[in-house]
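As structure tokens, the structure follows; a few thoughts come after it.
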């Protein structure tokens with residue numbers, strides 16, 4: 001089945017971890033004790049995680065439909081990179097949307113939003129970003145609170161519960177729509193740089209292939225000349 005080119009939707013903030021980092025992961029260090037996570041709640045049984053051990057990443061692939069078109073989505077799990085208080089720039093490259101999650105029961109995760117947002121904007125200054133208040137099932141009164149971080153940066157704020165599923169599907173579907181729109185209409189400088197690098201790599205590979213083909217032809221010709229009998 002065809003569709004849009006694969007794009008990445010990133011979440012550079014775990015909702016339960018002290019340091020507050022990670023991509024589409026609640027809390028790498030508390031994963032076994034966190035049975036309800038946003039990613040698993042959204043995808044339920046329809047995903048097959050792929051471990052990319054070289055980069056300590058777990059990749060989740062998802063197929064969505066946006067305006068009648070099939071869209072392939074990559075979700076990344078950084079498996080603990082947030083413990084270093086910063087993520088490598090490569091995690092941000094080609095991201096087309098961001099979800100920043102905090103735990104309404106843990107103030108530190110909310111306080112860390114600013115640090116991760118600053119880092120995000122360093123590498124991806126234009127991608128759409130959504131702020132998410134998770135675990136509202138534990139205290140429904142939190143939905144009546146005003147969180148200044150989202151208002152300060154004019155970011156949409158979603159109240160969700162990974163435990164009972166409140167607003168989870170809407171959150172992810174909206175994030176995917178924002179990512180698709182950004183990908184189709186973006187003039188982000190970083191996107192242009194990355195595209196130029198990809199074009200250069202493609203041209204280089206084509207040149208290398210032609211060089212190899214020419215070298216193989218010369219080798220074959222030389223072998224044929226060597227095997228030819230000398231004139232008497």
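The values are calculated or read from the model by the stated rules, or taken from the named source; none is laboratory data. Small disclaimer: the values here were computed from a predicted structure and weren't measured. So basically every Cβ, Gly included, is an ideal-geometry build from the backbone, and we count neighbours across all protein chains shown.
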Checked against (1) modelled with pLDDT under 85; (2) farther than 18 Å from residue 74 by Cβ, residue 104 satisfies every condition except (1)
Restricted to region 174-194 and to residues being more than 17 Å from the chain's Cα centre (by Cα) and at pLDDT below 80, the residue surrounded by the fewest Cβ atoms within 10 Å (Cβ to Cβ) is 187
Residues in region 100-128 that are surrounded by 15 or more Cβ atoms within 10 Å (Cβ to Cβ), in a helix (DSSP H, G or I) and within 17 Å of the chain's Cα centre (by Cα) total 6
At pLDDT 90 or above and either surrounded by 13 or more Cβ atoms within 10 Å (Cβ to Cβ) or not assigned by TED's automatic domain parsing to the domain that holds residue 105 (or both) - does that describe any residue in region 160-168? yes
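Residue 172: part of a helix (DSSP H, G or I), in contact (Cβ under 8 Å) with a residue 40 or more places away in the chain and closer than 20 Å to residue 103 by Cα, yes or no? Walk me through it before giving the result.
Values: part of a helix (DSSP H, G or I): yes; in contact (Cβ under 8 Å) with a residue 40 or more places away in the chain: yes; closer than 20 Å to residue 103 by Cα: yes.
Yes: the conditions hold for residue 172.
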